[in-house]
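Since the structure comes first, as structure tokens, the remarks are kept for the end.
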Amino acid sequence: MHRILARTALAATLVAAVLLPAAALAGNATTPKKPAIEMKTKNLGTVIATPSRLGIYYWDVEKKAGGKIKCTGTCAAQWPPVYVKGMVPKHVAGVMATFGTIKRGAKLQLTVNGLPAYTYHGDKAGIVKCDNVDGWHAVRAG
């Protein structure tokens, strides 16, 4: 009888060792990733950026249009939209901004503080070049 209990306990331990990490991974898979981070820059202070550290911008034209997408074609090639998969959290710990999405064709584009979010094609990770250029502004934290 003691051997049967020992085998049962061993089997239960093995099952738990296999299933618990799988359950933990499954929980992480459904948790949305941070759509953005705060990033300190030398020239602008703290800005909102993609997780890959590209500065996020908004355009005055879209702000005046109430958040409607106006940057298409050549504009969107110069200022690539920030796309997301699925819904994003409205607030992210450690990031002073409000997030959402707007439908752009068959994709979802990130919005920051109610405006469509873009990067600049000439920026490199950690460097924000085009604040206050032709109506484009880096999104400031806060």
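Every number in this text was worked out from the coordinates using simple rules, so none of it is lab data. From a predicted model like this one, the values you see are computed outputs, not experimental measurements. Cβ placement follows ideal geometry from the backbone for every residue including glycine, while neighbour counts extend to all protein chains displayed.
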* Short version: ³J(HN,Hα) in whole Hz for each residue of the stretch 78-85, in order, from phi by Karplus 6.51 cos²θ - 1.76 cosθ + 1.60 (θ = phi - 60°), x for Gly and Pro, what are they? -> 6, 10, x, x, 8, 8, 10, 9
* Residue-wise, which Karplus ³J(HN,Hα) couplings in Hz belong to the stretch 92-105, taking 6.51 cos²θ - 1.76 cosθ + 1.60, θ = phi - 60°, and x for glycine or proline? -> 10, 4, x, 10, 8, 6, 10, 10, x, 9, 9, 6, 10, x
* Highest mean first, what order results for 49-58, 62-71 on Cβ atoms within 10 Å? -> 49-58, 62-71
* Sort the following peptides by mean Cβ neighbour count (other Cβ atoms within 10 Å, averaged over residues), highest first: 84-96, 116-128. => 116-128, 84-96
* Asked: Mind listing the phi-derived Karplus ³J(HN,Hα) values for the stretch 46-61, rounded to whole Hz, using 6.51, -1.76 and 1.60 with θ = phi - 60°, and x for any glycine or proline?
  -> 8, 10, 8, 9, 6, x, 8, 6, 8, x, 9, 10, 10, 10, 3, 4
* Asked: Which number comes out as Rg/Rh for the stretch 21-142 once both Rg and the Kirkwood Rh are worked out on C-alpha atoms?
  -> 0.99
* Structure fact -> So, relative contact order of the stretch 26-127 in percent, Cα under 8 Å, 6 or more apart, is 31
* If you put +1 on each Lys and Arg Cβ and -1 on each Asp and Glu Cβ, how big is the dipole of the stretch 36-138 around its Cα centre, in Debye rounded to 20? -> 260
